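Written below as structure tokens is the structure these notes are about.
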Amino acid sequence: MLTIKQITEDTEKVIRGLEKKHFANAKEAIAKAIELNNKRRTAQGQLDNNLAEVNATSKTIGQLMKEGKKEEAEAAKARVAEIKEASKGLQAEMDQAAEDLQNLLYTIPNVPYEEVPEGASAEDNLVVKMGGMETELPKDALPHWELAKKYNLIDFDLGVKITGAGFPVYRGQGARLQRALINFFLDEARAAGYEEIMPPTVVNAASGYGTGQLPDKEGQMYHCNLDDLYLIPTAEVPVTNIYRDVILDEKQLPIKNCAYTECFRREAGSYGKDVRGLNRLHEFSKVELVRIDTPEHSRQSHQEMLDHVEGLLKKLELPYRILRLCGGDISFTAAICYDFEVYSEAQKRWLEVSSVSNFDTYQANRLKCRYRTANKKTELCHTLNGSALALPRIVAALLENNQTPEGIRIPKALIPYCGFDMIK
């Protein structure tokens, strides 16, 4: 969440940044935030003056009584009572302005970094790198949903029976491949120095507000109304909230966590051919990386996370590309974000498998996640996260790109985890 200090120190820069992110009401929102802050500060100033007058007047009452000046003492008492009554209204005014300001700030997205490209949609994202192995498939190559049926790996119809569309049932070698990928990703993360976390997959509203899913993505989250809890859309939410209302020591940073969880997304409004098979699900498995860092080191941490995800795709022998997202496609909370996509040879399209973001102080300000420097000064942390990796589209690309007349080949790095080298 933006701070009033950021807004008032460089209003025009913040507005330009928000407009780059296609936040339509940037000028109006910033003007309203400044107005509410001024209202809050004015009320606070008047309250402070009232308190000073009450304290000064109260001190005179006893002395006046001692001197026998009863009428003057009674007048002083009346004045104290009058000020206290007026202060109740000022306090209510100040509290309301502070609440309105807080709610407004929740609706204003993060300001993107200067290197975020201009653009309105995914078509304007910048491809910064391409890599991996090119794939040549036979002319009769099948998409993954047909391969899943042919080899009895995933039953989409059974998922519809049990729950609904977007909740597939993995079976046999398909289930083993899922588990193999999860363990492979976690082992790679631990080898890179990440501590594994196993968090809850439901969170309270405070956690949703802490990382910015609320109120921005409330309609995309599954909500348990009776208990006012939310199914997590990503492990980012519970893992980052470990550090809500925490003051860390600078020596603890950077903190590096990883977590495997199931993730749940309503994906409201998603229709058409791009949602077939594993392309877009309501429940899916994902391994997430989360870092808490100092402002001075967070860009290096971001690059290390990008290198880590790229290394996974290389080991999986998949063709990939890395995109720097433009202002119109970057998430509500991110200051900068890179997407990783793998190429689906059978579908002839790129599939997003990871987003790696630096949120600067945006989430930390919501979370009150801070660290104490060597000179005992308290500063806001930077938070970062990235998928390493989300499984559905990885599985889709692995099945499609490795199909042969004999079966589906398993990449060398996964064979020890799968226990087989070919799906037959």
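So the values come out like this:
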read-out	value
Label zone at T42 (point 7 Å along Cα-to-Cβ), backbone N below 18 Å, the range 99-118	99-102
Spatial separation of Cα centroids for the range 48-122 and the range 354-424, in angstrom	47 Å
Accessible area in the full protein assembly, largest first, 1.4 Å probe, for D100, D157	D157, D100
Most fluctuating residue given options D245, D293, D95, as computed from a GNM of the chain linking Cα atoms under 10 Å	D95
Surface accessible to a 1.4 Å probe, Y230 within the full protein complex, Å²	10 Å²
Helix axis angle, 70-106 relative to the chain longest principal axis, alpha carbon, degrees	20 degrees
Whole-number accessible area per residue in Å² for the range 269-337, which is evaluated in the context of all protein chains at 1.4 Å	35 Å²
Stretch gain in nm, segment K424-L137, where the contour uses 0.36 nm per residue and the Cα spacing is subtracted	101.6 nm
Heavy-atom accessible area per residue - the range 79-190, 1.4 Å, Å²	57 Å²
Heavy atoms of M130 accessible to a 1.4 Å probe, total area in Å² rounded to 10	120 Å²
Sequence-separation-based contact order of the chain, relative, with Cα cut under 8 Å and 6+ spacing, percent	20 percent
Rounded accessible area of V169 (nearest 10 Å², 1.4 Å probe)	40 Å²
Gyration tensor verdict on the range 288-406 (Cα atoms; rounded if a/c is under 1.5, prolate if a/b is larger than b/c, oblate otherwise)	prolate
Spin-label pair A165/R372, simplified geometry with 7 Å Cα→Cβ offset, distance in nm	5.5 nm
FRET efficiency, T107 to V127 (Cβ-Cβ, R0 22 Å, nearest 0.05)	0.10
Tensor-based shape of the range 112-243 (alpha-carbon gyration tensor, a/c under 1.5 rounded, otherwise prolate or oblate)	oblate
Positive dipole terminus of the chain, leading residue within Q91, F167, L214 (C-beta point charges)	F167
Which of L64, L153, L229 is most accessible, then next, and so on - probe 1.4 Å	L229, L64, L153
Cα centre as origin, Lys/Arg/Asp/Glu Cβ charges: the range 334-391 dipole, Debye	540 debye
Within the chain: Cβ-based charge dipole about Cα centre, in debye rounded to nearest 20 (Lys, Arg +1; Asp, Glu -1)	520 debye
Magnitude of the charge dipole, the range 27-135, Cβ model with Lys/Arg +1 and Asp/Glu -1, debye to 20	920 debye
Cβ-derived FRET efficiency at R0 56 Å, H22 paired with E53, nearest 0.05	0.70
Sparsely packed GluC sites (Glu not before Pro) within the range 326-424, loop by DSSP, other Cβ within 10 Å at most 12	E406
Apportionment of accessible area to carbon and sulfur, the chain, percent (1.4 Å)	49 percent
Accessible-area order (highest first, 1.4 angstrom probe) of the listed residues D249, D227	D227, D249
Rounded tilt (10° steps) of 173-191 against the dominant C-alpha axis of the chain	50 degrees
Given (1) 37, 33, 20; (2) 54, 21, 20; (3) 47, 25, 19, the label whose value is semi-axes √(5λ) of the Cα gyration tensor in Å derived from this model	(2)
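The values are calculated or read from the model by the stated rules, or taken from the named source; none is laboratory data. Computed from a prediction, not measured in an experiment: that's the story for all the values here. Virtual Cβ from ideal backbone geometry, glycine too; neighbours counted across all protein chains shown. To get the accessible areas, we keep the full protein, side chains included, count just its heavy atoms, and leave off ligands, DNA and RNA. Shrake-Rupley method; radii C 1.70, N 1.55, O 1.52, S 1.80 Å.
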